[in-house]
Every structure is written in structure tokens, then in C-alpha cells.
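Asker: I have a structure here, written as C-alpha cells, and I will follow up with some questions on it.
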Amino acid sequence: MATPWGVGALLLLLLASGWGAAPEEPSNACLGLSIKDQYDPFHLNRTAKCFASCLPLGGVSCNVENLERYWLHYELYLVEKSLAERVDMPSVKALLRNLSTDISEDLLFSLKPSQVPRQVMTGEDKPPDRVRLPRSLFTSLPGNRSAVRLAVSVLDIGPGNLFKGPQLPLEDGGSVLNNHVVGLSLGHTPVARLPEPLEITFSHQPPPTNMTLTCVFWDVNKGPTGDWDSKGCSTRLGAEGTVCHCDHLTFFALLLRPVLDQATVQALTRISQAGCGVSMIFLAFTIVLYVVLRLFLQRFKSEDAPKIHVTLSSSLFLLNLAFLISVGSGSAGSHAACWVRGAIFHYFLLCTFTWMGLEAFHLYLLAIRVFNTYFSHYFLKLSLVGWGLPVLMVIGTGSTNSYGLYTIRDQENRTSLELCWFRKEPALYVTVHGYFLITFLFGAVVLALVAWKIFTLPRVTAGKEQGQNWKTVLTILGLSSLVGVTWGLAILTPLGLSTIYIFALFNSLQGVFIFCWFTILYLPAQISAPSSSGGTARLDQAPSVSHE
């Protein structure tokens with residue numbers, strides 16, 4: 001039998017728990033129980049709290065399908081049943097307007113997230129966040145209606161997993177820009193395949209270099225309640241932000257997506273690592289072969305061309321080694337250690353670019369200028385430029401504290417690769433992109449001039465050997481590996497995924513190409529019979545341009 005204290009405690013618990021008509025607990029609200037068509041301020045505020053509390057780990061129990069369905073029907077409720085003209089709540093702000101379908105101009109509405117949407121009158125400055133509805137939208141509505149009720153809303157979906165969709169799970173990072181969703185509705189009136197699309201402008205800061213922005217809408221036909229899709233929407237990056245053009249009315253958002261998906265990033269990383277490993281082996285063979293030839297052949301002690309080749313091989317070897325260490329280490333270690341690894345990786349990359357430019361310069365002196373090419377201490381001066389100029393650039397970059405952890409994310413916003421690199425984009429654009437573009441263009445111009453000279457030389461040379469054309473082609477290919485033409489494939493990567501794979505493969509094998517070129521030129525069999533190599537050997541066997 002229960003004691004009087006026990007009965008009293010039970011009554012207190014029943015009263016405190018709201019036995020009878022008391023409101024439900026927040027956890028029940030996030031389960032979406034008994035909230036259908038309950039759009040009074042109390043239920044709206046309780047359900048809006050689920051945007052922040054419905055987390056995959058550590059959050060309250062939620063039924064995402066019920067909650068998403070609740071908010072999808074809310075805008076329909078505003079149009080069809082509500083008499084309100086505006087809604088001003090922390091999580092949702094909406095404007096309701098009764099409009100004549102016989103309008104003479106487009107309608108413009110401000111979408112500032114902190115304010116209730118408002119109509120922008122003619123002559124006002126355009127707000128940074130806005131939606132433009134073309135007048136043709138209203139004149140093309142079915143049923144010859146003279147008036148319609150329009151709902152324009154801005155929904156703050158918060159950091160939870162609501163409206164993230166199956167393709168954008170919260171545990172991998174939310175991807176809806178600023179967690180804001182724009183809703184446009186005429187109630188049950190269907191609006192699709194507009195002849196003139198509506199326009200939504202989202203203002204934002206420039207996205208990271210490894211991320212891309214995509215205009216999407218919530219497609220209710222995907223999954224139990226829907227998912228994000230971009231069909232019927234186009235994305236255009238403008239000066240003020242991103243402009244979305246869509247041919248229907250629904251809920252819209254701007255997704256921040258990684259450029260590459262996780263599988264692609266992993267495959268490219270494996271290809272690059274394997275290619276770098278193979279290149280390092282062949283670059284080591286090149287260096288050893290040079291040392292052996294220098295010990296037994298006197299000409300290798302005086303000629304500059306093989307010295308430049310082996311120095312480029314050394315810089316490439318160190319660059320590949322720095323890359324493998326950086327990729328393998330990831331974010332391990334302190335910030336200072338990551339700063340040092342990023343600076344070392346940057347230095348050897350700049351050394352590689354510089355020596356490829358010096359290869360092009362040397363090729364210009366031998367094949368184009370030819371005469372008056374004497375420089376005292378020529379190779380010493382090249383070495384000061386090849387190893388010294390990158391030092392100055394790294395010191396300048398380091399003084400701006402531009403090195404740090406660089407993260408590559410996939411399309412699900414999951415971290416696919418971490419390495420110590422740049423954390424400030426301006427320094428990356430100037431010292432890597434800009435510097436590479438200068439050296440690459442210089443090398444491409446010199447290579448084009450040399451190719452023109454080689455292909456036109458047989459026309460004026462009597463007694464041209466048979467089969468010389470393929471040797472000439474091999475010469476151009478060999479020289480292209482020295483001046484870094486494989487790096488130029490990076491310019492083609494925006495054309496598609498296949499070009500990205502081609503760049504990763506050929507560029508990581510540059511060391512193999514250099515070894516093949518070096519072997520063809522300088523093996524004793526070729527040296528003892530230089531005439532058999534034709535144009536392939538003549539360029540590097542020209543007289544030295546210096547006397548040290």
C-alpha cells in the first residue's frame with residue numbers, strides 16, 4: 001500500500017508533467033507528434049528549437065521526416081488559411097501579399113535574414129539579398145485568376161540535420177550557406193517551367209578555393225520528404241554574390257560543395273603518391289648516372305647542360321619527397337611544425353619552377369641566340385637564381401604568416417585530405433599560380449621557337465637522313481619534359497575530371513621522362529656515335545656557354 005508521502009509525490013509528478021491538457025515536452029515536439037496543422041506561435045516556437053537541437057550525436061530524439069513535412073506545409077498554410085500579413089519569429093520571417101495578376105513590372109523583395117522580407121519599391125537601391133519575380137510569372141498562371149496570395153519567407157534551419165538532405169549529412173558538415181532557406185509559394189497554384197526564370201541573389205564572402213557554390217531547390221519527390229536538387233536552376237557568380245535563376249517556385253538555398261568528391265580525391269592522391277615514388281626512383285637513377293659519367297668522362301666536368309639537367313632532377317626529387325612527407329603527415333604536429341613543412345614544400349616547388357625556367361633560358365641560348373653567349377661563371381649564376389630566388393619568396397610569404405593547414409573536402413563536405421600548405425589565398429595566387437604562369441609561358445614560347453627551328457632545318461639541309469622526323473618528335477618531347485610542359489596540363493583541368501587524372505598522372509611522372517631523355521643523350525653509346533642521335537643530341541652537345 002502506498003504511503004501518504006508516496007501518493008502526494010505521485011500527484012506532484014503528475015501535475016508537473018502536465019497530466020491532462022498541458023503542452024508536450026521539447027523532445028516530443030522534435031518527434032513531430034501531434035503537430036500537424038498546429039501553426040500557432042506556441043507550436044511554431046517549440047518546433048523551431050529543433051533546428052538547433054536535432055543533431056546526429058548528442059542531440060535530442062528527432063523525427064526529421066515529420067519536422068520537415070511540418071515546415072514544408074507551413075508556407076501552404078500561410079497562403080491558404082492564415083490572415084496574417086507578416087511573420088516575425090527568430091527562425092522564420094515571412095511576408096504575405098495579395099497581388100493582382102495584372103501587373104506592369106517585375107516584383108523585387110528584400111531577403112535580409114534579420115528582417116521580415118519586404119517589397120522594394122521602384123527607385124530604391126537593390127538590397128544585397130533579394131528575389132526578383134518576373135511579371136510574366138503572374139500573367140502565365142493557369143485558371144485566368146485575377147489575384148493571388150504570395151508568401152515570401154526566409155527560414156533559418158540552424159546547425160542541425162533538418163533540411164540537409166541524404167546527400168548532405170550533418171556529421172560531415174552542414175553545407176547550406178548560412179543555414180538560410182528562401183521559400184516562395186502561391187499556395188496550391190502550381191508554378192513550374194516559367195518562360196522567364198525568377199532570380200534570387202545571395203550575398204556572401206568569396207568561397208574557399210576548393211569549394212564551389214550551387215543553387216538548389218528542395219525536391220519533395222526525392223526520398224520520404226525530399227532532398228536538394230539543381231534541376232531547373234542555374235548558378236552565376238556575380239560581384240555581389242551568387243545569382244540563382246530557377247524556373248519554378250519552392251524552397252531555395254545555396255549549397256557550398258567541395259570541388260571533388262571523396263573517391264576522386266583519394267584516387268588522385270594514390271595516383272600522385274605512386275607517380276611521385278616512381279619519379280623519385282628514376283630521378284635518383286639520373287643523379288647517379290650523372291655522377292658516374294662525370295667520374296669517367298671529362299666533358300661532363302665542363303659542360304653546363306648536364307649540370308642543369310641534374311640540378312632540375314635534384315629539385316624535383318626533393319619536391320616529391322616533401323610532397324610525400326606532407327601528405328603522409330597531414331595535420332600531425334604543432335602549428336609551428338606545420339608552418340615549417342608548408343614552407344619547405346613551397347620552397348622546393350618554387351625551385352622546380354625556377355629550374356624549369358632556367359632550362360628554357362639555357363635552351364634559348366643554345367638553339368635560338370647561338371652566338372655571343374659567353375657568360376663567366378655561368379652555372380654558378382644560374383644556381384644563385386635557381387636556389388636563391390625561391391628563398392626570398394619563401395621569406396616574404398612566411399613574413400605574412402601564410403603557411404598553415406590546408407584542407408580538401410569532398411562533395412559531402414567530409415575532409416578528404418589535409419596537408420601543410422597555404423592558409424591565405426593571396427600569397428598562393430601570387431607566389432604559386434602567378435610564378436608558375438610566368439615560367440610556363442616562357443618555357444612554352446622557347447619550346448615553340450625551338451620546334452619551329454628544328455622542323456624547318458631539314459628543308460635547307462642537304463642529304464637529310466631517312467627517319468629523321470620521329471627523332472625530331474622525340475627531341476621535342478624530351479625538351480618539353482625539361483621546361484615543364486606537363487605542368488601546363490593544369491590549365492586544362494577545369495574542362496573535366498578526365499583532364500584532372502591526365503594531369504596527375506603525367507605530371508607525377510616527369511622524373512621518368514627526364515631520366516629517359518638524359519639516358520638517350522648521355523649514355524656512352526650515344527656519346528661515341530653522336531651522329532646517330534641526329535637532332536636529339538645536337539642541342540645539348542652544342543658548345544658550352546661559359547667557362548668557369
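The values are calculated or read from the model by the stated rules, or taken from the named source; none is laboratory data. As the structure is a prediction and not an experimental result, all values here were calculated from the model. Note that each Cβ is placed from the backbone with ideal geometry, even for glycine, and that neighbours are counted across all protein chains shown. In case anyone asks, the SASA skips ligands and DNA or RNA and just uses the protein heavy atoms, side chains included. Shrake-Rupley method; radii C 1.70, N 1.55, O 1.52, S 1.80 Å.
Asker: Since GLN38 meets every condition but one in (1) over 26 Å from GLY241 (Cβ atoms); (2) open to solvent by less than 80 Å² (accessible area, probe 1.4 Å); (3) in contact with a helix residue (DSSP H, G or I) (Cβ under 8 Å, 6 or more places away or on another chain), which condition does it not meet?
Answerer: (3)
Asker: Taking helices (runs of 4 or more DSSP H) that do not extend beyond the stretch 440-548, which have at least 3 residues that are at pLDDT 75 or above and within 18 Å of TRP355 (Cα to Cα)? Break it down stepwise before answering.
Answerer: On the way: elements: 468-483, 497-508, 510-522, 524-528, 535-538.
In the stretch 440-548, the matching helices (runs of 4 or more DSSP H) lie at 468-483, 510-522.
Asker: Also, I was wondering about something else. Looking only at residues in the stretch 356-399 that are part of a loop (DSSP other than H, G, I, E, B) and among the hydroxyl-bearing types (Ser, Thr, Tyr), which one is least open to solvent (accessible area, probe 1.4 Å)?
Answerer: Looking only at the stretch 356-399, we keep the residues that are part of a loop (DSSP other than H, G, I, E, B), and these are 370-374, 377.
Remaining after also requiring among the hydroxyl-bearing types (Ser, Thr, Tyr): 373-374.
Working: THR373: 19, TYR374: 136 Å².
Ranking the candidates gives THR373 first.
Asker: Could you list, in sequence order, the residues of the stretch 41-90 that are part of a loop (DSSP other than H, G, I, E, B), surrounded by fewer than 18 Cβ atoms within 10 Å (Cβ to Cβ) and in contact (Cβ under 8 Å) with a residue 60 or more places away in the chain?
Answerer: Selection gives LEU55, PRO56, LEU57, GLY59, PRO90.
Asker: Name the single residue, out of those in the stretch 125-139 being of a type outside the set (A, V, I, L, M) and within 36 Å of the chain's Cα centre (by Cα), that is surrounded by the fewest Cβ atoms within 10 Å (Cβ to Cβ). Give the derivation first.
Answerer: The first filter runs over the stretch 125-139 and keeps only residues of a type outside the set (A, V, I, L, M), leaving 125-130, 132, 134-136, 138-139.
Next, only the ones that are within 36 Å of the chain's Cα centre (by Cα) stay: 125-130, 132, 134.
Numbers: ASP125: 6, LYS126: 12, PRO127: 19, PRO128: 14, ASP129: 23, ARG130: 22, ARG132: 17, PRO134: 18.
Ranking the candidates gives ASP125 first.
Asker: Go through (1) at pLDDT 85 or above; (2) over 23 Å from GLY160 (Cβ atoms); (3) part of a strand (DSSP E or B) and name the single condition THR212 misses.
Answerer: That leaves (1) as the condition not met.
Asker: Can you find a residue in the stretch 234-241 that is modelled with pLDDT of 85 or more, out of contact with any His (no Cβ under 6 Å at 6 or more places or on another chain) and of a type in the set (A, V, I, L, M, F, W, C)? Please lay out each step first, then the result.
Answerer: In the first step, residues of the stretch 234-241 are kept if they are modelled with pLDDT of 85 or more; the result is 234-236, 241.
Within this subset, residues satisfying the condition of being out of contact with any His (no Cβ under 6 Å at 6 or more places or on another chain) are 235-236.
If we keep only those that are of a type in the set (A, V, I, L, M, F, W, C) too, we end up with none.
No, the conditions are met nowhere in the stretch 234-241.
Asker: How many residues are open to solvent by 20 Å² or more (accessible area, probe 1.4 Å) and in a loop (DSSP other than H, G, I, E, B) if we restrict to the stretch 215-233? If you could, list the steps in order and put the result at the bottom.
Answerer: Step one: list which residues in the stretch 215-233 are open to solvent by 20 Å² or more (accessible area, probe 1.4 Å), which gives 217, 219-224, 229-233.
The next check asks that each one be in a loop (DSSP other than H, G, I, E, B); those that pass are 220-224, 230-232.
Residues meeting the conditions: 8.
Conditions (1) within 19 Å of LEU99 (Cβ to Cβ); (2) open to solvent by 40 Å² or more (accessible area, probe 1.4 Å); (3) at pLDDT 90 or above, marked per residue:
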{"position": "ALA151", "(1), (2), (3)": "yes, no, yes"}
{"position": "LYS164", "(1), (2), (3)": "no, no, no"}
{"position": "GLN167", "(1), (2), (3)": "no, yes, no"}
{"position": "ASP172", "(1), (2), (3)": "no, no, no"}
{"position": "GLY187", "(1), (2), (3)": "yes, no, no"}
{"position": "PRO190", "(1), (2), (3)": "yes, yes, no"}
{"position": "PHE202", "(1), (2), (3)": "no, no, yes"}
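Quick grid of which residues meet (1) in contact with a helix residue (DSSP H, G or I) (Cβ under 8 Å, 6 or more places away or on another chain); (2) basic (Lys, Arg); (3) at pLDDT below 90; (4) closer than 28 Å to SER481 by Cβ:
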position	(1), (2), (3), (4)
VAL385	yes, no, no, yes
ILE395	no, no, no, no
TYR403	yes, no, no, no
THR431	yes, no, no, yes
